[in-house]
Each structure stands twice: as structure tokens, then as C-alpha cells.
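The values are calculated or read from the model by the stated rules, or taken from the named source; none is laboratory data. No experiment lies behind these values; they were computed from the predicted model shown. So basically every Cβ, Gly included, is an ideal-geometry build from the backbone, and we count neighbours across all protein chains shown.
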Amino acid sequence: MKRVITLSLMCTVGLMAVQVELEPITVEAQAGTELIKDVSGEDIKSADLGEALFRQSPSVSLIRRSGIANDIRVRGQKKDNISVTIDGAKVHGACPNRMDPPISHILTNNVDYIEINEGPFNVEDFGVLSADIKVHTIKPEKEVSGEINLGIGSFGYKKAALNVSGGTDTVRFLLSTSTESGEQYKDGNGDDFAGQIDRNIKAGLVSPLAQYQDKYRNLDAFSKKTLMAKMFWDITDTQELKLSYTANRSDDILYPSSKMDALYDDSDIYNIEYTAKDLGTYSKELYIQAYQSEVEHPMSTKYRKMGAAAYVTHALTTKTQGGKVKNSFNMGNHTLTMGMDYSLRNWDGGYFKNDNPLPPAKFHSIWDVDTRNTALFLEDTIHMGKLSFDFGLRYDTTDIDSANPKQQSNSYDELNGYVLANYQTDSATKYFVGIGKSSRVPDAKELYWIGMMGNPVGTPDLDNTVNYEFDMGVDKNYENSSLKAKVFYSKLQDYIAFNANRVNMMGAATNAYENVDATVYGFDVSGMYVATESLYFEYGLAYQRGTKDKPLTGQMGTDMPDIPPFKVNAAVNYDYDESLQFEAEVIAADTWDDIDDENGEQKIDAYAVLNLRATKRFTKGFELTVGIDNLFDSTYAVSNTYKDLILLATAGNNVMLMNEPGRYMYANLKYSS
């Protein structure tokens, strides 16, 4: 309580700054930020936002788990090492096995644009270690308008989405809803989910008990329904209130490379935002936000042969409540923002056998854990002609408490910050260089998770991870082309790693997480070239490399896990006329051979896939898109098998590798009014 009061007083003092003559505030995109625009209009193949980001950004790699709700890495970092917000609201999944990652709780048809901020250059949000993903959803408009999307695809894929918007000069409303389902996709070998498991069983790698029961063998891979409602109210010319609610309801999501499937995955996100401008000398813009996100996720062996006689369900819930207050004003050539950020996450879960809770000694997995964070932050942008500086500071105090009296509480305090310099040599060229420090605390799984055998998987005395990072780059525009290049070097202090040596012969892990110092570095390049009025090219490539400073306890290797190989995204676009466009896209990656094999990763072959798409716009608001992904029906994988996820074990201490979809054809008809 004393720390909270101290933080509040510090914030008040900051807001009561010296009186000065203030100028209007300008907002600029931070150097190094990647914008993925018009997501709802461009990514109509499916509603999986993780897959959409993988296709559009070279720095994003996909963690394939199912036909939907797939996770992502950014610069070789995942889970709590990257932060995800949806319209500023912090969202967490309930599943400790990442079946419901934060990015899965909003779908492409509801997304306007996405900011990918790489590096430790965000002090407004909690836990931005190596990158943050800011998802901005579609907004209501004053004019009455609507859009209908009807999509079909290979492997029984069906989607229908509708949004309607309208209002007055002061109040605007939006309602968006969708339904989506898909059968088990087939890889390039022609194997569906059950077939991929069969192939591993025949090779003697996976137990036959991992296969689906005959009555569930042809079960659809997923079904999903969503609803989003918004109201924007211009209270006055300088005050705005935004209310939003997002609901996701998913059923029977199959995860073939895992031991369990999700019976359902439900989430609700509530968000309130208030903005007031030009309040006076000390406040050119005041922003207040409150939000709550809830997720319920039971996963089970019910559909597998191992669960035919008695199935086990691991049911979890998580709720995050938070808020933010920030105040911005100008002081000479300074643009200052000061604020407070707060969040409280509760995470609770337990094991059931045939829907009955196991005995108390073995019931709890994550025992009603609260993670409470309170922070102050300060940002300052200084304009000095062609040169500008961005400064940021954030002081975090975090308390993590378990309802289990035998589990210790943990507290973490950290001061983070950054300096980012931008030099605009002319209207076409900008250079930037930055250095920063950021951190993230261990989550409840890493600290307190208890396995089904009563074994303490988590390590209760973990330190928080701290990132010291240097970034530099250039953003250059030519007469008919553009180029953006970035390099980074990151020193991770007390990185939280999984140690497979702490898993016994029965598959039970004990204190499996440990801290280790590590280094990650890399670069990415992206741009475009306009050849003619009708023909233009887009490209992006990314490379990362990571090593631990020393091996984990009892191990010998120092390769970092989750560091994907060199990746290339390239596309050629041809506009036949204003109503007809064609696109050919290549996504390729090198052999994944820098691996943490002692902790379950395995070598993965290089791949290159060709995707084709054509869009025709008709009169009266109709638009038809048809496409073929993986034209040559290649068999390939993009996700590795680091054992921090519980996947199907194979011989030789490996883990079942999951292949990507084979040739996939789709069509989408859109009507806009």
C-alpha cells in the first residue's frame, strides 16, 4: 500500500509541472514501428490473426498448433516476452500450453490496423520485454454503412461476417459478428490431423493412445463465433467517450500435436476510454482507460484413445482488470506525457477426471494466483530541427501471490527506460538509433504450476527477465521505391528457460524453469519497388541468432530456443485496371538448424511456398477474391517443438512436428454499402 501511495504522489507532482506556454500536441509514429494496415480488408482468407501477421511481416514467425488460434513469435521472442493489447486493453490466455494466445482473442475481420513495435521502446504498457503488438479494431462511422463477407475454402472452411455502422454527428455505433468453422486440414502428404498422428504412430514415435477415438476421428478442427459492439460519443468538441465489448466463443478446437484438445474457449473483453483535449495549460490531452478481459478454457483428453475409459480435463480461467491515466502537454520544444498504469491478473485452474475434480492434493494446477502491477511512466519527445529525441521512463512494482499457503509470494521492482534518436536528413530519409532497458516478471505457470502427479513444474524463486537492447536503422524513400532496414543487439539478463533435464522418466517435471543470461541479435529489411503504374513489388526479410551465455544446469548446448531461421516474404502485384488486381506471394525460410535440441527442438527443412490471389471489384459494392495458397502442395513445417509446450513425445527425446496445410483454395465475396 505504501508503494502505491508513493507512486500516486509522484504522478501528481509530475502532472503539476511548471506553467509554460503550450503548443498543440502532434503525434508521430515512433521510428522502427511496423504498421500492418487494412487487416480486415486484406486478410480475408481466414480469421486467424496470427497467420495473417506471419504472412505480412518478416519479423513474425508462426507457432502452428491447430487450424485456428495460432501463436506468434517476434524477433525470436514469444509468450510474456512480447506484449499484446487490443485497443489498449491487456489480454492474456488461460491455457498454460498456449492453446489460446492473446492474439487469438480478436479476429482479422474486426481489425483495422496493427502496430508492431520491436525493442524495449514502450513504457506505457506492462511487460514489454522485446516487442509489443498493438491491435486497433475497426471504428464506427457517422454514415450508415455495412459490410458482408462470405468465405469458403478447402478442407470444409466456411465463414460469414457482418458489420453495420452508423450514427449522428455526436454518437456512432458499430455492430460486428461472425461465424467460422473448418475441418481438419490436410498437409502436402494428404494427411489430416488424425493422419499426421497415424504417420508418427506407424514410425514407432508416438503412442497409439494419442490417436483420436474412431467416433471423433473426423471431428471438425474448430468452430468459432464472435461479436463486437462499440459506441463512440463526442460529448463535446473536445471530449470523447468510447465503449466496446468483444466476445469470442470457440468450440471443439483440435490440437493434434498436443495431448489434449480444447472443449471450448470463451473470452469477453470490456473497454472504456475517455479523452479530453485542451483542458488548460497543464493538459492538452487527458486519456483515461478501464478494461476487463476474461477467458475460460477447458482442455481434455476426451476425444483421444487415452481418454476412452476415463478422460482428464484441465480447466482454467483468467481475468485481467486494468486501467491507465495519462496526461500530455507541450513545454517549449518538448512533448511530455506522464501517467499511471495498473493491472491485476487472476489465473486459476484445476484437473478433473470424467468431469469430477481430482482429490484436493492433486486438483490445483495454478492455484488462484494474482499478479498485481502498478507503474508510473514518463515520456518526452524533444524536437531540434532535423534531430529529435524520444525518452521514456517506467517504474514498475509487481506483487504475485498464490492462494496456496505453501507457495511463496514474490515481489519485483524495476526501473526501465529508453533513449531513441531520430535524424531526418531530408523529407525522404530518416535514421534512428536507440538504447533501452525493459523487463517482464515470471508468470504463474513458471512460478507455481503443479502437474497432474502433484509435481511442482514451476520454479517459485525465479528472477524477472531484463532486456538491455541497442537498435539502429534507416527509413529511405526513393522516387519509385522504399527501403527500411533495422539491426538490433539484445542482452537478456535472467531469461526464463525450460530445462528438459528436470523431466523424469514418467514425464513429470520438477522446478523445470530456470534463469539464464543470453544474447539475441539480428536484422530485418523491407521495402517496395514500383516498376510501372500497374506493376509493383514488395519484399521483407529477417534474420535472428541467439545464444545462452552458459548451458542450463546439466546440459552442454548454448543455442537459444525459439530463434527461427532466415525468412523472406516477397510479393509481386499487378493492377490490370482499377477493378482487377493480381498478386503472387512467396514465403520462404532457410533450414532451421541452430536449435536447442536438448530441450526438444529439432532440425526443420527449408521451405518456399507460392500463394496466388486475384481480386475483382464489381459495381454496386461487390468484390470477389479467389486464391490458392501453397500452389505446389508442398509438405513443410514452420513451428519447432521447444518443450516449454507439452506436445506429443516421440522416440529419441523428440516431439511430434506438425505440418502446415497443403494446397488450399479459397474464395471470398464481399458486399459493402
request  = Looking at (1) free of Cβ contacts under 8 Å to residues at least 40 places away in the same chain; (2) more than 17 Å from residue 547 (Cβ to Cβ); (3) of a type in the set (D, E, K, R); (4) assigned to a strand (DSSP E or B), find the lone condition where residue 491 falls short.
outcome  = (2)
request  = For the range 550-589, name all the residues that are among the charged types (D, E, K, R), over 30 Å from residue 528 (Cα atoms) and loosely packed, with under 14 Cβ neighbours inside 10 Å.
outcome  = 550
query = Can you tell me which residues in the range 78-98 are touching a Gly at 6+ places or on another chain (Cβ under 9 Å) and assigned to a strand (DSSP E or B)?
reply = 82, 83, 89, 90
note = Selection over the range 99-125 where residues are buried (at least 22 other Cβ atoms within 10 Å of the Cβ) and assigned to a loop (DSSP other than H, G, I, E, B) yields a count of 10
request  = Please specify each residue of the range 208-237 satisfying the condition of being in contact (Cβ under 8 Å) with a residue 40 or more places away in the chain and over 27 Å from residue 111 (Cα atoms).
outcome  = 208, 209, 210, 211, 212, 213, 216, 219
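Is at least one residue of the range 201-209 under 30 Å from residue 276 (Cα atoms) and touching a Lys or Arg at 6+ places or on another chain (Cβ under 6 Å)?
Keep residues of the range 201-209 that are under 30 Å from residue 276 (Cα atoms), which gives none.
Scanning the range 201-209, I find no residue that is under 30 Å from residue 276 (Cα atoms) and touching a Lys or Arg at 6+ places or on another chain (Cβ under 6 Å), so the answer is no.
Just a yes or no: is a residue in the range 498-518 free of Cβ contacts under 8 Å to residues at least 60 places away in the same chain, part of a strand (DSSP E or B) and surrounded by fewer than 16 Cβ atoms within 10 Å (Cβ to Cβ)? Write out each step before concluding.
So the first thing to find is which residues in the range 498-518 are free of Cβ contacts under 8 Å to residues at least 60 places away in the same chain, and the list is 502, 504-506, 508-512, 514-518.
Next, only the ones that are part of a strand (DSSP E or B) stay: 509, 514-518.
Now narrow it down to the ones that are surrounded by fewer than 16 Cβ atoms within 10 Å (Cβ to Cβ): 517.
Among the residues of the range 498-518, at least one is free of Cβ contacts under 8 Å to residues at least 60 places away in the same chain, part of a strand (DSSP E or B) and surrounded by fewer than 16 Cβ atoms within 10 Å (Cβ to Cβ), which makes the answer yes.
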query = When residues of the range 447-456 are filtered for being crowded, with 24+ Cβ neighbours inside 10 Å and not aromatic (Phe, Trp, Tyr), how many remain?
reply = 1
note = Sole miss for residue 200 among (1) in a loop (DSSP other than H, G, I, E, B); (2) at pLDDT below 95 is condition (1)
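Can residue 31 be described as within 25 Å of residue 421 (Cα to Cα), at pLDDT below 70 and crowded, with 23+ Cβ neighbours inside 10 Å? Steps first, answer last, please.
Details: within 25 Å of residue 421 (Cα to Cα): yes; at pLDDT below 70: yes; crowded, with 23+ Cβ neighbours inside 10 Å: yes.
So residue 31 fits the description; yes.
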query = If you scan the range 164-189, which residues turn out to be out of contact with any Ser or Thr (no Cβ under 9 Å at 6 or more places or on another chain) and small (Gly, Ala, Ser)?
reply = 167
inquiry  = Looking at the range 199-212, can you tell me whether even one residue there is touching a helix residue (DSSP H, G or I) at 6+ places or on another chain (Cβ under 7 Å), among the hydroxyl-bearing types (Ser, Thr, Tyr) and crowded, with 16+ Cβ neighbours inside 10 Å?
reply    = yes
Members of the range 37-64 that are over 18 Å from residue 628 (Cβ atoms), of a type in the set (A, V, I, L, M, F, W, C) and at pLDDT below 85 = 39, 47
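For residues that are touching a strand residue (DSSP E or B) at 6+ places or on another chain (Cβ under 6 Å) and either buried (at least 24 other Cβ atoms within 10 Å of the Cβ) or part of a helix (DSSP H, G or I) (or both), tally how many sit in the range 39-50.
5
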ask   = From 506, 472, which residue is farther than 25 Å from residue 654 by Cα, aliphatic (A, V, I, L, M) and over 22 Å from the mean Cα position of the chain (by Cα)?
value = 472
inquiry  = Which numbered condition in (1) within 25 Å of residue 608 (Cβ to Cβ); (2) buried (at least 22 other Cβ atoms within 10 Å of the Cβ); (3) not charged (D, E, K, R) is the only one that residue 176 fails?
reply    = (1)
ask   = residue 438 versus (1) under 25 Å from residue 130 (Cα atoms); (2) of a type in the set (S, T, N, Q); (3) modelled with pLDDT under 95: which is the lone unmet condition?
value = (3)
ask   = How many residues are over 23 Å from residue 248 (Cβ atoms) and not in a strand (DSSP E or B) when one looks only at the range 136-181?
value = 8
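Could you look through the range 101-151, keep only residues that are among the acidic types (Asp, Glu) and modelled with pLDDT of 95 or more, and pick out the one that is nearest to residue 81 (Cα to Cα)? Explain how you work it out, then say what you get.
So the first thing to find is which residues in the range 101-151 are among the acidic types (Asp, Glu), and the list is 112, 115, 118, 124-125, 132, 141, 143, 147.
Subsequent filtering for residues that are modelled with pLDDT of 95 or more retains 124-125.
Values: 124: 16, 125: 13 Å.
Restricting to residues being among the acidic types (Asp, Glu) and modelled with pLDDT of 95 or more, the top hit is 125.
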ask   = Is it true that residue 65 is closer than 30 Å to residue 381 by Cα, buried (at least 24 other Cβ atoms within 10 Å of the Cβ) and not aliphatic (A, V, I, L, M)?
value = no
message = Tell me the residue from 296, 285, 379 that is in contact (Cβ under 8 Å) with a residue 12 or more places away in the chain, acidic (Asp, Glu) and either part of a loop (DSSP other than H, G, I, E, B) or under 30 Å from residue 212 (Cα atoms) (or both), please.
response = 296
Breaking point among (1) touching a strand residue (DSSP E or B) at 6+ places or on another chain (Cβ under 8 Å); (2) crowded, with 16+ Cβ neighbours inside 10 Å, for residue 622 = (2)
inquiry  = Conditions first: (1) of a type outside the set (A, V, I, L, M, F, W, C); (2) more than 23 Å from residue 314 (Cα to Cα); (3) in a strand (DSSP E or B). Residue 348 passes all but one, so which condition is the exception?
reply    = (2)
inquiry  = I need every pair where a residue in the range 581-602 that is more than 30 Å from residue 42 (Cβ to Cβ) has its Cβ under 7 Å from the Cβ of a residue that is hydrophobic (A, V, I, L, M, F, W, C) and at pLDDT below 95, sequence separation at least 6 or different chains.
reply    = 598/500; 599/500; 600/500; 600/655; 602/657
